[in-house]
Amino acid sequence: MDIENHIFKDLKFLKSPNFNERPDDKEISLVIIHSISLPPKCYGNNYVEDFFLNKLCIDDHSYFKEIQNLKVSSHLYIKRDGELIQFVPFDKRAWHAGKSTYKGIDDCNNFSIGIELEGSDDDCYSDKQYKMLTMAVQKIIDHYPLIDKHSIAGHSDVSPLRKTDPGKKFDWERFLNAL
Ligand SMILES: [Zn+2]
């Protein structure tokens, strides 16, 4: 599991159109942990992948109408069975955090890597997700010099008025101690 040209080689890569260039003066210096499931709290389907690829079938669930015009992506998505899928190369600016601030600097998408876990605030994450998340973040730390275990935040940390993910069930101590 190595990073080559800002992509985890040998793992699944699905190219999302939802990205742009990072500003020249912004280096990758933050990892943001999220959670997502579509429909909310439903697991084991491919709707999140479809959503990040702008291919969500709006008629499949009433909730999808609420999000049909959103254009979002994350660099990585880790499913409950531990599968990791990458959607955007790390050197590109994925659209995951929205309005956000970290240590006084706005627009975290400019300088962060976004990792989505398949889940919700109400459910514990799986052992396989912690294992894959730890491996992926360790590789990112090894590859990008400005990232260490102190430069990892939850979406709720950078967008506290809007977002609660990854939620109280995410075990930060377990994750950070494993790095
Ligand atoms: Zn989020």
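Every number here is computed from the coordinates shown, using simple stated rules; none is lab data. Being a predicted model, the structure only gives us computed values, none of them experimental. No Cβ is skipped: glycine too gets one built from the backbone with ideal geometry, and neighbour counts run over all protein chains shown.
Odds and ends about this structure:
- Across segment 20-50, the residues whose backbone nitrogen lies under 14 Å from the label position 7 Å along the beta-carbon direction of E83 are 43-50.
- Loop trypsin sites (Lys or Arg not before Pro), segment 97-168, which have at most 10 other Cβ atoms in a 10 Å radius of their Cβ (DSSP): K103, K168
- Computed lengthening from Q138 to K103, 0.36 nm per intervening residue step minus Cα-Cα distance: 10.4 nm
- Relative contact order (percent, whole number), the chain, Cα cutoff 8 Å, 6+ residue spacing: 29 percent
- Relative to one another, the C-alpha centroids of segment 50-92 and segment 135-176 are positioned 19 Å apart.
- Among F90, F111, Q68 the positive-end extreme of the charge dipole of the chain (Cβ point charges): Q68
- Cα-Cα P(r), the chain, percent of pairs per 10 Å interval: 10, 41, 40, 10, 0
- Most fluctuating residue given options E49, E118, E21, as computed from a GNM of the chain linking Cα atoms under 10 Å: E21
- Restriction of the trypsin sites (Lys or Arg not before Pro) in segment 46-90 to DSSP coil positions whose beta-carbon has at most 14 other beta-carbons within 10 angstrom yields K55, K71.
- Placing +1 on each Lys and Arg Cβ and -1 on each Asp and Glu Cβ, with no other charges, gives the chain a dipole about its Cα centre of roughly 140 debye.
- Most simply put, the chain has about 40% antiparallel DSSP beta bridges, counting only bridges with both residues inside it.
- Segment 43-82, relative contact order [Cα under 8 Å, separation at least 6], %: 41 percent
- The sum of -39500 (n - 2.57) across all DSSP H runs of n ≥ 4, divided by the residue count of the chain, sets its helix-only mean residue ellipticity at 222 nm to -5500 deg cm²/dmol.
- Fully extending the segment from D157 to L176, taken as 0.36 nm per residue of separation minus the present Cα-Cα distance, adds 5.3 nm.
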